[in-house]
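Worksheet for the structure shown next.
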Amino acid sequence: MPNYPHLFSPIRVGSQIMKNRIIMPGMATSLCTPDGFATQEMCSYYAKRARGGVGTIIMEFTSVAYPQGLGANVQFQLADERVVTGLATIADAVHAYGTKLLIQLHHAGARSVARPGVETIGPMDEGDKVRMMTEQDIKDLTAKFVKAAKNAQQA
């Protein structure tokens with residue numbers, strides 16, 4: 001491609017080499033189970049994009065504190081170690097095409113989808129809707145981000 005001479009050439013990002021400079025941004029697919037586990041349909045979705053030649057896929061927003069902090073009614077999650085197997089299946093399918101996989105770790109905070117019995121926390125008090133986070137909430141949520149990142153890395 002004369003207008004984009006580097007588009008299909010490899011690029012080093014940190015210690016990783018991406019096979020090309022085509023990046024698929026994270027997009028909510030709603031292809032996981034209602035409780036946030038990967039499905040075969042979700043795996044196929046990402047594998048098809050990798051097969052199509054994308055160098056790097058950024059997986060959809062992924063809950064770190066399921067069911068708290070969801071940004072959608074159906075959202076992939078990494079709060080539970082049992083999801084690691086499904087994510088590993090997706091990673092293997094994507095890696096088979098030489099594609100790198102990144103993941104968006106997410107907590108919607110004050111903009112979380114309301115769920116019965118699940119408290120919504122955020123940066124400020126919004127009456128009955130949202131409770132302002134305490135220092136302990138911040139520490140707990142930080143630990144959940146760390147745990148989710150470890151689960152992703154394990155997969």
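Nothing in this text is a laboratory measurement; each read-out follows from the coordinates by a stated rule. Remember, predicted model here, so these are calculated numbers, not experimental data. Please note: Cβ atoms are built from the backbone with ideal geometry, for glycine as well, and neighbour counts cover all protein chains shown.
Things to note:
- Binned Cα-Cα distances of segment 28-105, short to long, each 10 Å bin given as a whole percent: 21, 55, 22, 2
- Rg/Rg_ref, the chain, where Rg_ref = 2.2 N^0.38 Å and atoms are Cα: 1.17
- Among residues other than GLU81 with Cβ under 13 Å from its Cβ, the summed charge is +3 (Lys and Arg +1, Asp and Glu -1).
- Farthest positive-ward along the chain dipole, Cα basis, beta-carbon charges - from PRO34, THR56, LEU141: THR56
- Listed residues SER15, SER44, SER112, most fluctuating in the chain (Gaussian network, C-alpha, under 10 Å): SER15
- 25 °C / 0.890 mPa s Stokes-Einstein diffusion coefficient of segment 67-123, Kirkwood radius on C-alpha pairs, µm²/s: 187 µm²/s
- C-alpha long axis of helix 84-95 to longest principal axis of the chain, angle in °: 20 degrees
- C-alpha long axis of helix 40-51 to longest principal axis of the chain, angle in °: 40 degrees
- Within-14-Å neighbourhood charge of ARG21 [Cβ basis; K, R +1; D, E -1]: +3
- Against the chain, whose longest principal axis is taken from its Cα atoms, helix 135-154 shows a tilt of about 30°.
- Distance cut-off 16 Å, percentage of C-alpha pairs in segment 1-63 lying past it: 54 percent
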